[in-house]
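Report on the following structure.
The values are calculated or read from the model by the stated rules, or taken from the named source; none is laboratory data. Here the structure is a predicted model, which is why all the values come from computation and not from measurement. Glycine also receives a Cβ, built like all others from the backbone with ideal geometry; neighbour counts cover every protein chain displayed.
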Amino acid sequence: MLENVAQSIYDEISLDSEIFILKFTNDTDDNNLFKREVSSSYIQFHFCVKGSASFSFNNGNYRLPITESTSLLLYNPQRDLPIEVAVSPRSWVLSLLIPIKSFHALFSRDADYITFLSEENKDRKYYKDAPINPSMAIVINQLLNYNLHPTVKPLYFKAKAYELLSLYFNRPSDGNIEQCPFLVDEDNVAKIRRAKEIILKRMAEPPSLQQLADEVQLPINRLKEGFKQIYGDTVYSFLFDHKMELARQLLATGSHNVNEVGLKVGYSTASHFISAFKKKYGTTPKKYVMGLSNGGK
């Protein structure tokens, strides 16, 4: 059996020094608590991609739960709303924070359509929960799983943040957006997510593309096309990146030697693992560990 390496990660991406994307990923078997200060000048969007979480306010006296495939919009111009979220085991949450002034500028011509932006409501607190539709789910997955050169990441994340906002507020009557037709169906999106879970669970001996397509009950061309649209990469390139990141984290713990790490991520020989690691990071696993011990990055 492949050992499960559980971890809890908080990541924050700043866009233009005022818009923030927060990623809470809890792959452990325990609840994990994350806290962050947020001023009253911000509007908050929270999206639960997997599992569940609970937001606490007023020193824990008031709680707002969020479950898989649902979202929360929070805004209170009268007081700060610091984030205190308990993320359940095996759960992922993505949050978008944007100043209300910047947000209002995006919709200045249609403020009456966004009810809490209207003149009579602008100083009132606002709360809304809503489902995550398939179009939004694709963008959220692209924000969580990406394979980009560092120089284009800021542009990519800003574009995706605005795309997510536009989909969130899209009128139902305007919902006939051209997309890959099978991805409009939530059932197909779920099948592609399951395909990702399968290859990660069996990374030591992953199924062939045809076997994977058969298991999730999708035609192979739809699996390939849909996987790339949601996760931004091919099935096996995505798996390779995941294996290398897992290997890097295992090496950083100092608890495993190079051979052990190679076996855990699915390489039967150390030479193949070393070659793959060098292809990804430009250095050997041994040199990477030595760099850590010497204070290098």
Odd one out for Ala252 among (1) surrounded by fewer than 13 Cβ atoms within 10 Å (Cβ to Cβ); (2) among the hydrophobic types (A, V, I, L, M, F, W, C); (3) modelled with pLDDT of 90 or more:
(3)
Which residue pairs have Cβ atoms under 6 Å apart, sit 6 or more places apart or on different chains, and have a first residue in the range 190-218 that is farther than 17 Å from Gly232 by Cα and outside the structural domain of Lys243 (by TED's automatic domain parsing) and a second that is in a loop (DSSP other than H, G, I, E, B) and modelled with pLDDT under 95?
Met203/Gly266; Ala204/Leu2; Ala204/Gly266
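Conditions (1) among the aliphatic types (A, V, I, L, M); (2) under 19 Å from Leu143 (Cα atoms); (3) more than 20 Å from the chain's Cα centre (by Cα), marked per residue:
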{"residue": "Arg202", "(1), (2), (3)": "no, no, yes"}
{"residue": "Ala213", "(1), (2), (3)": "yes, no, yes"}
{"residue": "Asp233", "(1), (2), (3)": "no, yes, no"}
{"residue": "Ser237", "(1), (2), (3)": "no, yes, no"}
{"residue": "Leu250", "(1), (2), (3)": "yes, no, yes"}
{"residue": "Gly254", "(1), (2), (3)": "no, no, yes"}
Is there a residue being outside any helix (DSSP H, G or I) and modelled with pLDDT under 80 anywhere in the range 128-136?
no
Please go through the range 26-54 and give me each residue that is acidic (Asp, Glu) and surrounded by 16 or more Cβ atoms within 10 Å (Cβ to Cβ), ordered by number.
Asp27
For the range 225-238, what are the residues that are out of contact with any Leu (no Cβ under 7 Å at 6 or more places or on another chain) and part of a helix (DSSP H, G or I)?
Glu225, Phe227, Lys228, Ile230, Tyr231, Tyr236, Ser237, Phe238
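Say whether the condition of being at pLDDT 90 or above, buried (at least 16 other Cβ atoms within 10 Å of the Cβ) and outside the structural domain of Leu144 (by TED's automatic domain parsing) is met by at least one residue in the range 225-233.
Keep residues of the range 225-233 that are at pLDDT 90 or above, which gives none.
No, the range 225-233 contains no residue that is at pLDDT 90 or above, buried (at least 16 other Cβ atoms within 10 Å of the Cβ) and outside the structural domain of Leu144 (by TED's automatic domain parsing).
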Kindly check whether there is at least one residue in the range 47-69 that is touching a Lys or Arg at 6+ places or on another chain (Cβ under 6 Å), in contact (Cβ under 8 Å) with a residue 24 or more places away in the chain and part of a strand (DSSP E or B).
yes
